[in-house]
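Just so you know, all these numbers are worked out from the coordinates, no wet-lab data involved. A quick note: this is a predicted structure, and the numbers were derived from the prediction, not measured. Positions of Cβ are backbone-derived with ideal geometry, glycine not excepted, and every protein chain shown enters the neighbour counts.
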Amino acid sequence: MAQHFLLSAASRDLCAYDIAGWSEEDAFWFFVEQRWGNRNTQTCPSCGVVDAHYFRSKRLQWRCRHCDRSFSVTSGTPFDSRKMPFRKMMLGISLYLSGAKGKSAIQLAREINVNVKTAFVFIGKLRECLLRNRSVEKLCGQVQIDGGHFGGKPRKKNFRNRPDHAAIANKVEGILNPSIKKQGKKRHYAYSKENVERRKKRRIVMVLREIYPEEKRGARRTIVSIAMSENERDAIELAHRYIDPDAYIWTDENTAYGQLSAWWEHEAVSHSEMFYRPDGVNENQAESYFSRLRRCEYGVVHRITPKYLMDLSNDMAWREDVRRLSEGEKMKELFSKIMKNGLSRWWRGYFQGHHREGEFLML
Ligand SMILES: [Zn+2]
């Protein structure tokens, strides 16, 4: 049997180990090649002229031959005015993209020896590049849709092996004096005051996945969005925005998807009975995405808040979509997004208190 690509040496063409052996200069020239495609000509970010501008090798900067302004390889990118060395950034990016279940800021901070806040902003910028440059071309062929609940999980009451004296006293009193009215049924823990508050942070991650036409290849492209609930209006809106009219849709039996049949060929699998209909209808690829995102939540980041849920969900969607690429190809794919992102809109000035406001719903 042929070896799986991800087990082969070819998939490990640019690993953290390789980058650890690079010099600062090697890392710098890697950035240069990712930005301008070669080492000899650069595009001036101020006037846009492509030329072999004057290189000031000590400062690793260029001076434009036409407008005289200085620029560096990170000018006008999310890493503008960087303080981190290129090599450290390369290592950070490599460690960030090598895992299938995401990366937490605190772990990256330990791995590349930076402050946790620095790592948080660094990862935030990478996620921004992925989100702002994601492909929203319409999904074709077979498309699976589903919604998963994330965040705001109710917690069980912390029962200790401690006798509840008040309850025992009430019970004894009830036995001694049956005229006392029995107390009403206790509220379920999910509806306690704390849990009602907690549940306000719950969101639905809606996932739309285009499936490979060939069998057993899984999903090809993934688009995610965040909704307040799994409802018909939002499902229809997302489907119109992201799904080609000629596609056919597979969902579960949730009522939110019932009306899709009005516009698309639509099949539903009833999860209470089976996961896979005898005729093949299923939504296993949508479930597969949630499985990864859930493991990222439980096993890597540990905490999901509505504010950055979209960033994280899209991060995981991207990881799914590039899962068959080698490390070097993933690196180039991420760099292409970094270089066309422009300055960071959401993370610039974070340390000065400029935090992004609000959350992304139905993006
Ligand atoms: Zn210029």
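Is region 195-342 rounded, prolate or oblate when judged by the Cα gyration tensor, a ≥ b ≥ c being the square roots of its eigenvalues, rounded requiring a/c under 1.5 and prolate requiring a/b larger than b/c? Oblate, since a/c reaches 1.5 and b/c is not below a/b.
Give the shape of region 56-156 as rounded, prolate or oblate, defined through the alpha-carbon gyration tensor: a ≥ b ≥ c are the square roots of its eigenvalues, a/c under 1.5 means rounded, and otherwise the shape is prolate if a/b is larger than b/c and oblate if not.
Details: a/c = 2.96, a/b = 1.57, b/c = 1.88.
In terms of gyration-tensor shape, oblate.
Treating r as the C-beta distance of Glu265 and Ser135 and R0 as 22 Å, the FRET efficiency rounds to 0.40. Under the simplified labelling scheme, the Val116-Arg82 pair shows an inter-label distance of 2.5 nm, with each label point 7 Å from Cα along Cα→Cβ. Scalar couplings 3J(HN,Hα) for region 28-36, obtained by applying the Karplus form with A = 6.51, B = -1.76, C = 1.60 to θ = phi - 60°, are 4, 5, 5, 4, 4, 5, 5, 7, 10 Hz; x denotes Gly and Pro. Return the tail of the calculated pair distribution for region 100-139, meaning the percent of Cα-Cα pairs more than 15 Å apart. The share of Cα pairs beyond 15 Å in region 100-139 comes to 49 percent. Using the Cβ-Cβ distance between Glu197 and Leu363 with R0 = 45 Å, the FRET efficiency computed as 1/(1 + (r/R0)^6) comes to roughly 0.95. Of the trypsin sites (Lys or Arg not before Pro) found in region 231-325, those that fall in a DSSP loop while having at most 16 other beta-carbon atoms within 10 Å are Arg303, Arg323, Arg324.
Say R0 is 51 Å: what FRET efficiency, to the nearest 0.05, do Ser272 and Val300 get from their beta-carbon distance?
Values: r = 31 Å, r/R0 = 0.61.
E between Ser272 and Val300, to the nearest 0.05, is 0.95.
Cysteines in the chain that lack a partner Cβ within the 4.7 Å cut-off: Cys15, Cys129, Cys140, Cys296. Please compute P(r) over all alpha-carbon pairs of the chain, binned at 20 Å starting from zero, and give each bin as a whole-number percent. Spelled out bin by bin, the chain gives 24, 47, 23, 6, 1 percent.
Compute the relative contact order of the chain as a whole-number percentage, counting only Cα pairs closer than 8 Å that sit 6 or more residues apart in sequence. Provide the component values of the computation, followed by the final result.
Working: 514 pairs, mean separation 85.3, N = 363.
Over the chain, the number comes to 23 percent.
Rounded to whole Å, the principal axis extents of the Cα atoms in region 1-116 read 57, 39, 23, largest first.
In this simple spin-label approximation, Val172 and Arg155 carry label points 7 Å from Cα along the Cα→Cβ vector, and these lie 3.2 nm apart.
Please give the contour-minus-distance gain from Gln352 to Arg56: 0.36 nm per residue of separation, less the Cα-Cα distance, rounded to one decimal in nm. Walk me through the intermediate numbers first.
Details: separation 296, 0.36 × 296 = 106.56 nm, distance 3.09 nm.
Contour length minus Cα-Cα distance gives 103.5 nm.
Compute the Cα gyration tensor for region 296-356, then decide on rounded, prolate or oblate, letting a ≥ b ≥ c be the square roots of its eigenvalues: rounded whenever a/c is under 1.5, prolate when a/b is larger than b/c in the other cases, and oblate in all that remain. In terms of gyration-tensor shape, oblate.
Here the Karplus relation 6.51 cos²θ - 1.76 cosθ + 1.60, evaluated at θ = phi - 60°, turns the backbone of region 242-249 into coupling constants of 10, 10, 5, x, 8, 6, 10, 10 Hz, with x for every Gly and Pro. Extension gain for Lys216-Ile106 works out to 36.0 nm (0.36 nm per residue, less the C-alpha to C-alpha distance).
Could you give the dipole magnitude of the chain about its Cα centre, charging the beta-carbon of Lys and Arg +1 and that of Asp and Glu -1, in debye to the nearest 20?
Numbers: 64 positive and 44 negative charges, 467 e Å.
Value, rounded to 20: 2240 debye.
Under 5 Å from the amide H of Arg221 lie the amide H atoms of Glu210, each residue being 5 or more positions distant or on a separate chain, with H modelled from the backbone and absent for Pro and chain starts.
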